[in-house]
1. Taking 0.36 nm per intervening residue step and subtracting the Cα-Cα distance, what contour gain separates D52 from A111 on full extension?
2. Per-residue counts of other Cβ atoms within 10 Å, averaged by peptide: what ranking do you get for 107-114, 58-65, highest first?
3. Taking θ = phi - 60°, what integer Hz values does the Karplus form 6.51 cos²θ - 1.76 cosθ + 1.60 yield along region 22-27, in sequence order, with x for Gly and Pro?
4. Which value in nm describes the separation of the simple spin-label points at V82 and E44, placed 7 Å from the Cα toward the beta carbon?
5. Note down the nm distance, to one decimal, between modelled labels 7 Å out along Cα→Cβ at K102 and at E22.
6. Determine how large the accessible area of E13 is when every protein chain is in place; take a 1.4 Å probe and give Å² rounded to the nearest 10.
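The values are calculated or read from the model by the stated rules, or taken from the named source; none is laboratory data. Owing to the predicted nature of the structure, the values given are computational and were not obtained by experimental measurement. Counting neighbours? That spans all protein chains shown, and the Cβs are built from the backbone with ideal geometry, glycine included. Only protein heavy atoms, including side chains, enter the accessible area calculation; ligands, DNA and RNA are left aside. Shrake-Rupley method; radii C 1.70, N 1.55, O 1.52, S 1.80 Å.
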Amino acid sequence: MAEEDELAAFQAELAEIEVEEEEEVLDAEEEEGERDLTGGASPEERRFEDDDGTWYVWDPSTRKFKPEGEDVAAAPVVPVPVWSEADMVFEDDAAPQLPSLKDAKKAVALAKDGGPGVPQDS
């Protein structure tokens, strides 16, 4: 019974530590500032005046400042290329072919038998 009590106490302690860690993470995120829908931090100032008198406002959809009152088009969507397995492998057409094991065994056998192209000991 004592082992079960120790296990329950240990599990309760772990749960308490996990709750404390989650609270610390939430507090840190609150201190970090607001987050927009894309997950990145928004600027603290959402509206400012430039040196030339132009007012700019933060646009969360494009994550950029845009002149106030003007519609700025979102960045164009770039299509994702579709790759096939053949596109992933580069094989040089002129690459030398290595001899197979069968060819190597034939060459060794010819060398032992004194076949063509093998110098004879005199």
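1. In short, 12.4 nm is gained.
2. Details: 107-114: 10.8, 58-65: 14.1.
The peptides rank, most packed first, as 58-65, 107-114.
3. Couplings: 4, 5, 5, 5, 5, 4 Hz.
4. 4.9
5. Reported label-point gap for K102 and E22 is 6.6 nm.
6. Accessible area, nearest 10 Å²: 110 Å².
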